[in-house]
1. Within region 145-164, can one find any residue that is in contact with a helix residue (DSSP H, G or I) (Cβ under 6 Å, 6 or more places away or on another chain), more than 22 Å from residue 237 (Cα to Cα) and either touching a residue at least 40 places away in the same chain (Cβ under 8 Å) or surrounded by fewer than 24 Cβ atoms within 10 Å (Cβ to Cβ) (or both)?
2. Any idea which residue in region 109-128 is surrounded by the most Cβ atoms within 10 Å (Cβ to Cβ), counting only those that are under 26 Å from residue 74 (Cα atoms) and out of contact with any helix residue (DSSP H, G or I) (no Cβ under 6 Å at 6 or more places or on another chain)?
3. How many residues does region 188-209 hold that are part of a helix (DSSP H, G or I) and in contact (Cβ under 8 Å) with a residue 60 or more places away in the chain?
4. Quick one: in region 210-231, which of the residues that are touching a helix residue (DSSP H, G or I) at 6+ places or on another chain (Cβ under 6 Å) and in a helix (DSSP H, G or I) is surrounded by the fewest Cβ atoms within 10 Å (Cβ to Cβ)?
5. Just need a number here: residues in region 264-278 that are surrounded by fewer than 19 Cβ atoms within 10 Å (Cβ to Cβ) and more than 18 Å from residue 303 (Cβ to Cβ).
6. Just the residues that are without any contact (Cβ under 8 Å) to a residue 60 or more places away in the chain and more than 19 Å from residue 202 (Cβ to Cβ), please, taken from region 274-294.
7. Only one of (1) modelled with pLDDT of 95 or more; (2) over 25 Å from residue 301 (Cβ atoms); (3) outside any helix (DSSP H, G or I) fails for residue 2. Which number is that?
8. Which residue out of 4, 17 is in contact with a helix residue (DSSP H, G or I) (Cβ under 6 Å, 6 or more places away or on another chain) and free of Cβ contacts under 8 Å to residues at least 60 places away in the same chain?
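The values are calculated or read from the model by the stated rules, or taken from the named source; none is laboratory data. Since the structure is predicted, the reported quantities are computational estimates derived from the model, not experimental observations. With ideal geometry, Cβ positions are generated from the backbone for all residues, glycine too; neighbour counts draw on all protein chains shown.
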């Protein structure tokens, strides 16, 4: 199937700013190039959203958080967003406009977690940082100047961030809290073992890149098979929060999303799966140049609100259509 409208141009822009072999560069240079995508694909922060940085302390960990508050709130829920970047690249800057837009579109306080990255901070470091951040806020929101419903928390993320959102859901269940009401995922990577020695290339996600991320996050061979690293291997899927899961047609990680959805359904967890036609891996950054990508983010935000409100996520949304496919074909993309 062809690319959705605007996605080929998006892929070309990313490849020009972030060369496909960037993962062979020194790690600090990788991070500089990744953050430079905010200049190659600029998207403004909504004027209606204010933000501030705070530090959370929990169980011996100190974690920086960026709290985004919309001018008008839709409810007392809260969203914790975990960025992608293979656990190695990315920052509060790289996802600043995205998290601000989620706050604006959902009308919910939205919190970005600035976890320590691999290879300096390998597994389980990043996810433990995220767990500490979520736990600290939900244990005492007033300490962060927040008035939120601690029973209406949604964890969300894309790519490796979606991996951590899944693992956070599992840890919260297995450790007896904090309570989470939903998980919202875009292109989750949930089995690292199949990338230990590389694999197939896909647009904006090569086998070499995945092999590098695995080596950084899981320097010990056995780590990649741990249930809190690769949930599809040995993970338990009962008593998890309802989920909204996005898979992308041209993404080599689409199979992870679909397997996870299958396992949730088998264990009685309400889940809604949306396959985005003509889309590449985790195309959240394409929303400024591709209307189908922008629509994907709008629907993702609507699903987050549904989860936070405790409503049935499985109800079909009539706005999800095959229009992106028709538009792409009409444009000859």
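1. Among the residues of region 145-164, at least one is in contact with a helix residue (DSSP H, G or I) (Cβ under 6 Å, 6 or more places away or on another chain), more than 22 Å from residue 237 (Cα to Cα) and either touching a residue at least 40 places away in the same chain (Cβ under 8 Å) or surrounded by fewer than 24 Cβ atoms within 10 Å (Cβ to Cβ) (or both), which makes the answer yes.
2. That would be 111.
3. 2
4. That would be 225.
5. Looking only at that region, the number is 3.
6. Scanning region 274-294 gives a single hit, 294.
7. If we test residue 2 against (1) modelled with pLDDT of 95 or more; (2) over 25 Å from residue 301 (Cβ atoms); (3) outside any helix (DSSP H, G or I), just (1) comes out false.
8. It is 17.
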